[in-house]
Amino acid sequence: MYQLTQDVIDSFSKIENERQKHLITTLAAKLHEYIEDVQLSQNEWEMAIDFLTRTGQMCHGQRQEYILLSDVMGISMLVDEINHHQHEKQTPSTVFGPFFIPEMPVRDYGASIVEHADTETEQLPLLITGRVVDPDLNPIQNAKIEIWQTAENGMYSGQDAAQQLGNLRGIFYSQAQGEYAIQSIIPVSYQIPSDGPVGELLNFSKRHFWRPAHIHFMITAENHHRLVTHLFLKDDPYLESDTVFGVKDALIVDYQRCEYSAEMEQKFNIDSAYYKVDYQFVLAKEQA
Ligand code: BEZ
Ligand code: FE
């Protein structure tokens, strides 16, 4: 270790909070070690500063290029691995991504999140039903279920001026037995944004931009750990090579085509054939 590295570490010795001191001194030590290992050139240092500067400049209201960078570097999923030790029975978590928007419309049990129907392709509805439960399978009532997905063009509302902000987004609350029912459309695989520094990095590395089709869920309930996850669709060609490394087997679901039934029309206002997915979300309990 260079004396310089030790001097930098020592310069942080007055940080009072032990955790904060540990974070910053370890970061300094590891960064110095990396730079020494690769013998970073002046030119490479300038390129790195330029890349990080442009990454920051790309960020604004609905665009978070740093989260995207964390995602394609596998850092988001590593933080997820470390913090969400997989309790056997619990639904696995996955990457949050940069496209969540808070305070979206609260919708009734069984309502649709489609506000902006694509007129070119007539799509059958997708009905997602199931229960929110704890690891002992006790129902969790009044769990807040926030959901978001892309439209058929592979874009989220907020990314795409043609969509109302609430399109394919919404908040649902679970019922007395933990039940939920949400209508949507079958999600599509889509490419993450490629017009910024992260796009340059993936192009340069000959990596693709695709994420397998999925629907995002964030589920919050009193006395339980928040669950941030997706449901992925079986048979998607990108399940094995998600560009942000987010796929977990327990989150891959099959969907079934069901024919029109008067019962479903009466119950959920579904007046055609439809697709159906059933999924039980299991939330971990907070330690008392
Ligand atoms: C998403 O699934 O919305 C997402 C996740 C990581 C990077 C980009 C998009
Ligand atoms: Fe997504």
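The values are calculated or read from the model by the stated rules, or taken from the named source; none is laboratory data. All values reported here derive from a predicted model rather than from experimental measurement. When we count neighbours, we look across all protein chains shown, and the Cβ atoms used for this are built from the backbone with ideal geometry, even at glycine.
Remarks
- Qualifying residue in region 252-265 (condition: exposed (fewer than 11 other Cβ atoms within 10 Å of the Cβ), part of a loop (DSSP other than H, G, I, E, B) and either under 20 Å from the mean Cα position of the chain (by Cα) or of a type in the set (Lys, Arg) (or both)): yes
- Close pairs from region 222-243: first polar (S, T, N, Q), partner part of a strand (DSSP E or B) and within 16 Å of ligand 1 (Cβ to nearest atom), Cβ under 7 Å, at least 6 apart: Thr229/Phe217; Thr243/Trp210; Thr243/Arg211
- Residue check, Gln177 on the phi < 0 side of the Ramachandran plot and within 13 Å of ligand 1 (Cβ to nearest atom): no
- Residue that is in contact with a Gly (Cβ under 8 Å, 6 or more places away or on another chain) and in the same structural domain as Tyr109 (by TED's automatic domain parsing), where the choices are Asp254, Asp235, Asp242, Asp278: Asp278
- Qualifying positions in region 188-211 - over 30 Å from Gln175 (Cα atoms), within 12 Å of ligand 2 (Cβ to nearest atom) and crowded, with 16+ Cβ neighbours inside 10 Å: Ser189, Tyr190, Ile192, Pro193, Trp210, Arg211
- Matching entry among Phe245, Phe217 (being aromatic (Phe, Trp, Tyr), within 16 Å of ligand 2 (Cβ to nearest atom), under 29 Å from Pro102 (Cα atoms) and outside any strand (DSSP E or B)): Phe245
- Put simply, of Ser70, Ser157 the only residue that is within 20 Å of the chain's Cα centre (by Cα), crowded, with 18+ Cβ neighbours inside 10 Å and modelled with pLDDT under 95 is Ser157.
- Residue match in region 135-150 (condition: buried (at least 20 other Cβ atoms within 10 Å of the Cβ), free of Cβ contacts under 8 Å to residues at least 60 places away in the same chain, within 16 Å of ligand 1 (Cβ to nearest atom) and farther than 25 Å from His224 by Cα): yes
- With respect to (1) away from ligand 2 (no atom under 16 Å from the Cβ); (2) out of contact with any Leu (no Cβ under 7 Å at 6 or more places or on another chain); (3) within 30 Å of His208 (Cβ to Cβ), the lone exception for Phe100 is condition (1).
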